[in-house]
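The values are calculated or read from the model by the stated rules, or taken from the named source; none is laboratory data. What you see is a predicted model; the values in this text were computed from it and never measured. A quick note on method: Cβ atoms are made from the backbone with ideal geometry, for glycine too, and the neighbour counts reach across all protein chains shown.
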Amino acid sequence: MSFLCNFFIPVSLKYGKIQLRNKEQSQIIDNVIRGTLHGYKVDNVTIYGVERNVISYSFDKNLLGKENLGGQEYYRALSGEPTTKLVQKGNYFQ
């Protein structure tokens, strides 16, 4: 609900549509995501575009615009299945 209230609705009303290439929208989503995840050890969040398998948002700015990195999770998400890919490094207690 936080994402809906803090990003989707205000950005849709102000800009008419979501376009993460827009610097202001990119900054807003970055603030919302980082604020939501504050206190958790999250190394990266990546969001892919709906029209193409291209990275629209990532903590790692070097990934922006890269294509065809979504793998099977991307195609499952397009078909309506919620997907998350969690990669754990080290053991559970690290």
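Have a look at Thr83, Thr36 and point out the one that is in the same structural domain as Asn22 (by TED's automatic domain parsing), in contact with a helix residue (DSSP H, G or I) (Cβ under 7 Å, 6 or more places away or on another chain) and without any contact (Cβ under 8 Å) to a residue 40 or more places away in the chain. Explain how you work it out, then say what you get.
Values: Thr83 fails: in the same structural domain as Asn22 (by TED's automatic domain parsing).
The conditions single out Thr36.
Taking the listed residues Val32, Val42, the one that is among the β-branched types (Val, Ile, Thr) and more than 19 Å from Leu4 (Cα to Cα) is Val42, with no other qualifying. For the structure I just gave you, tell me whether Leu13 is in the same structural domain as Ser2 (by TED's automatic domain parsing) and touching a Gly at 6+ places or on another chain (Cβ under 9 Å). No; evaluated as a whole, the condition is false for this residue. When every residue of the stretch 10-25 is checked against the conditions, at least one turns out to be out of contact with any Leu (no Cβ under 7 Å at 6 or more places or on another chain), at pLDDT below 90 and charged (D, E, K, R).
Residues in the stretch 1-45 that are part of a loop (DSSP other than H, G, I, E, B) and under 20 Å from Asn62 (Cβ atoms): how many?
Result for the stretch 1-45: 7.
Looking across the stretch 46-82, the residues that are surrounded by fewer than 15 Cβ atoms within 10 Å (Cβ to Cβ) and assigned to a loop (DSSP other than H, G, I, E, B) come down to Val50, Glu51, Arg52, Phe59, Asp60, Gly65, Asn68, Leu69, Ser79, Gly80, Glu81, Pro82.
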